[in-house]
Amino acid sequence: MEYSYPFSIDWTTDEIVDVVEFFEAIEKAYEKGIMRQELMDKYRKFKKVVPSMAEEKTYFREFEEESGYVSYAVVKKMKEASGDELIRIKR
């Protein structure tokens with residue numbers, strides 16, 4: 001797919017990598033599924049970079065507009081799941 005990932009020019013290279021890896025995990029949840037623990041790890045790193053809920057919603061919205069993937073649905077399913085199950089979202 002040809003689209004860009006949302007990020008801030010104020011972030012370090014490592015922070016940008018963490019955010020991009022989180023959005024790649026969102027893609028994976030839609031395309032083939034991702035284990036809950038792997039997604040949780042990537043979400044925790046994302047939250048260290050983007051701690052505010054308002055900012056999170058902004059980046060989620062920007063990513064959805066670019067890609068069509070709804071990050072909120074994936075995160076919600078991850079939080080509702082227990083253990084290390086496969087998180088998969090069907091379109």
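Using a cut-off of 12 Å between beta-carbons, work out the net charge of the residues near Phe22 (Lys and Arg +1, Asp and Glu -1, Phe22 not included). Value of the local net charge: -2. Taking each DSSP H run with n ≥ 4 as -39500 (n - 2.57) and averaging over every residue of the chain yields -20500 deg cm²/dmol at 222 nm. Between the helical axis of 71-80 and the dominant principal axis of the chain, each derived from Cα atoms, what acute angle in degrees is found, rounded to the nearest 10? Computed tilt is about 50 degrees.
Available extension along the chain between Lys90 and Glu38 is 16.8 nm, counting 0.36 nm per residue and deducting the alpha carbon span. Within the chain, what whole-number % of the accessible surface is contributed by carbon and sulfur, with the 1.4 Å probe and all protein chains included in the calculation? The nonpolar share, carbon plus sulfur, comes to 50 percent.
Remark: segment 39-79 carries 57 Å² of accessible area per residue (probe radius 1.4 Å; ligands, DNA and RNA excluded).
For the pair Glu80 and Thr58, a Förster radius of 22 Å applied to the C-beta separation gives a FRET efficiency near 0.40, rounded to the nearest 0.05. Computed on segment 6-71, the Cα convex hull volume stands at 78 Å³ per residue. Among Met78, Ser67, Phe46, which residue has its Cα positioned farthest towards the positive end of the charge dipole of segment 33-91, with +1 placed on the Cβ of Lys and Arg, -1 on the Cβ of Asp and Glu, and the dipole taken about the Cα centre? It is Met78, whose Cα lies furthest towards the positive end. Here the chain is treated with +1 on each Lys and Arg Cβ and -1 on each Asp and Glu Cβ, and its dipole about the Cα centre works out to around 540 debye.
Shown here for the chain: GluC sites (Glu not before Pro) in loop regions (DSSP other than H, G, I, E, B) with at most 11 other Cβ atoms within 10 Å, namely Glu2.
Between segment 1-25 and segment 52-90, the C-alpha centres lie 15 angstrom from each other.
The values are calculated or read from the model by the stated rules, or taken from the named source; none is laboratory data. Nothing here was measured: the structure is a model prediction, and the numbers come from that model. Don't worry about glycine lacking a Cβ; one is built from the backbone with ideal geometry, like all the others, and counts go over all protein chains shown. Remember, those area values only see protein heavy atoms, side chains included, never the ligands or the DNA or RNA. Shrake-Rupley method; radii C 1.70, N 1.55, O 1.52, S 1.80 Å.
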